[in-house]
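*Asks:* Here it is, the structure in full.
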Amino acid sequence: MSLVFDIIAIVLGLVFINVAFAIMLLIYGLVSKAYSHPAIRLKKMPIIGWITAGLFQGLFTFAMCYIGINKYEPENIFKASVLIPGLLSTIMLWANYPMTQIYQHEEDAKRGDMTFSRLLGIKGTFYFVGATFMIVTIGFVFYFNAFFSIRYSILFLAALFPVTAYFFFWFIITMKDLHKADYRHTMWLNFISSTCLNAFFVYLFLDTTNIAQSFR
């Protein structure tokens with residue numbers, strides 16, 4: 001069924017957008033299958049799996065959406081206004097990626113999958129995610145200030161405050177009891193992060209386009 005929908009998406013991309021977008025859909029689909037397919041299973045390769053997931057779910061997807069939404073040719077992605085936010089998206093995913101694995105150490109060990117989070121360990125995962133997230137936050141602040149205005153940098157930091165607060169709360173209780181690195185806390189972090197960041201980016205989109213102006 002997954003392959004059927006992949007084919008449908010590629011055909012629709014070819015018909016309604018362009019060849020470049022359809023090819024990118026094909027590549028993304030192949031990489032996503034390689035991540036968990038038993039014959040390849042990039043997931044069990046900690047460094048390669050981490051790099052691949054971040055690059056293709058971040059920069060590659062960002063570029064693919066940019067081409068798809070605007071119906072541009074591929075050469076249009078090679079400019080700072082596209083590459084910088086695309087790379088920042090990748091770094092953010094590199095920060096988030098180990099947190100999605102932190103509660104699966106036991107199951108991954110049974111399957112023989114040495115995931116990136118298992119490689120880091122529970123405490124190491126928190127330290128790594130915290131440090132990487134701080135770096136990408138600084139990067140986004142500079143990006144919004146350079147391409148938009150300082151106001152958006154401040155709003156971005158405000159949107160991240162609940163995420164940061166929950167992360168530190170979870171970090172503190174997990175340092176006391178490693179069993180707190182569980183599914184429930186992981187999903188709460190994902191929920192808070194996705195809600196706050198989506199709210200910010202929806203606001204950014206509406207506030208910087210003619211769509212918002214039409215409601216005033």
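Just so it is clear, none of the values below were taken in a lab; they were calculated from the coordinates. Computed from a prediction, not measured in an experiment: that's the story for all the values here. Neighbour counts run over all protein chains shown; Cβ positions are idealised from the backbone, glycine included.
*Asks:* Roughly speaking, what is the stretch gain from SER36 to ASN70, that is 0.36 nm per residue apart minus the C-alpha to C-alpha distance, in nm to one decimal? Please report the intermediate quantities before stating the final value.
*Replies:* Numbers: separation 34, 0.36 × 34 = 12.24 nm, distance 3.15 nm.
Residue separation times 0.36 nm, minus the Cα-Cα distance, leaves 9.1 nm.
*Asks:* Order of 85-96, 114-125, 165-176 by packing, highest average Cβ count within 10 Å first?
*Replies:* On the way: 85-96: 20.5, 114-125: 19.0, 165-176: 14.4.
Per-residue mean Cβ counts within 10 Å order the peptides as 85-96, 114-125, 165-176.
*Asks:* Once phi is turned into θ = phi - 60°, what whole-Hz ³J(HN,Hα) does the Karplus curve with 6.51, -1.76 and 1.60 give for every residue of segment 132-148, x standing for Gly and Pro?
*Replies:* For segment 132-148, the Karplus-derived couplings read 5, 5, 5, 5, 6, 5, 4, x, 5, 4, 5, 5, 5, 5, 7, 9, 10 Hz, x marking Gly and Pro.
*Asks:* Let me ask something else about it. Once you sort the root eigenvalues of the Cα gyration tensor of segment 77-116 as a ≥ b ≥ c, which label holds: rounded (a/c under 1.5), prolate (a/b larger than b/c) or oblate (the other case)?
*Replies:* Since a/c reaches 1.5 and a/b is larger than b/c, the shape of segment 77-116 is classed as prolate.
*Asks:* Please work out how many pairs of lysine residues in the chain are eight or more positions apart (or on different chains) and have Cα atoms closer than 25 angstrom.
*Replies:* Here the count comes out as 14.
*Asks:* Tell me, Kirkwood radius of segment 54-125 from alpha-carbon pair distances, in Å? Don't skip to the answer; put the middle values down first.
*Replies:* On the way: mean 1/r = 0.0726 Å⁻¹.
For segment 54-125, inverting the mean 1/r across all distinct Cα pairs yields 13.8 Å.
*Asks:* Is the shape of segment 1-120 rounded, prolate or oblate, going by the alpha carbon gyration tensor and its root eigenvalues a ≥ b ≥ c, with a/c under 1.5 for rounded and a/b larger than b/c for prolate? Please list the in-between numbers first.
*Replies:* Numbers: a/c = 3.23, a/b = 1.56, b/c = 2.07.
Cα axes put segment 1-120 in the oblate bin.
*Asks:* In whole Å, what are the Cα extents of the chain along the three principal axes, biggest one first?
*Replies:* If we take the Cα atoms of the chain, the spans are 51, 45, 27 Å.
*Asks:* Per-residue HN-Hα couplings for segment 176-193, Karplus 6.51 cos²θ - 1.76 cosθ + 1.60 at θ = phi - 60°, whole Hz, x for Gly and Pro?
*Replies:* Values, residue by residue: 8, 8, 4, 5, 6, 7, 10, 4, 4, 5, 4, 5, 5, 4, 4, 5, 5, 5 Hz.
*Asks:* Working out 0.36 nm times the residue gap between ILE23 and ILE192, then minus their Cα-Cα distance, what length gain in nm do you get to one decimal? Mind showing how you got there, number by number?
*Replies:* Numbers: separation 169, 0.36 × 169 = 60.84 nm, distance 3.36 nm.
The span from ILE23 to ILE192 would gain 57.5 nm if fully extended.
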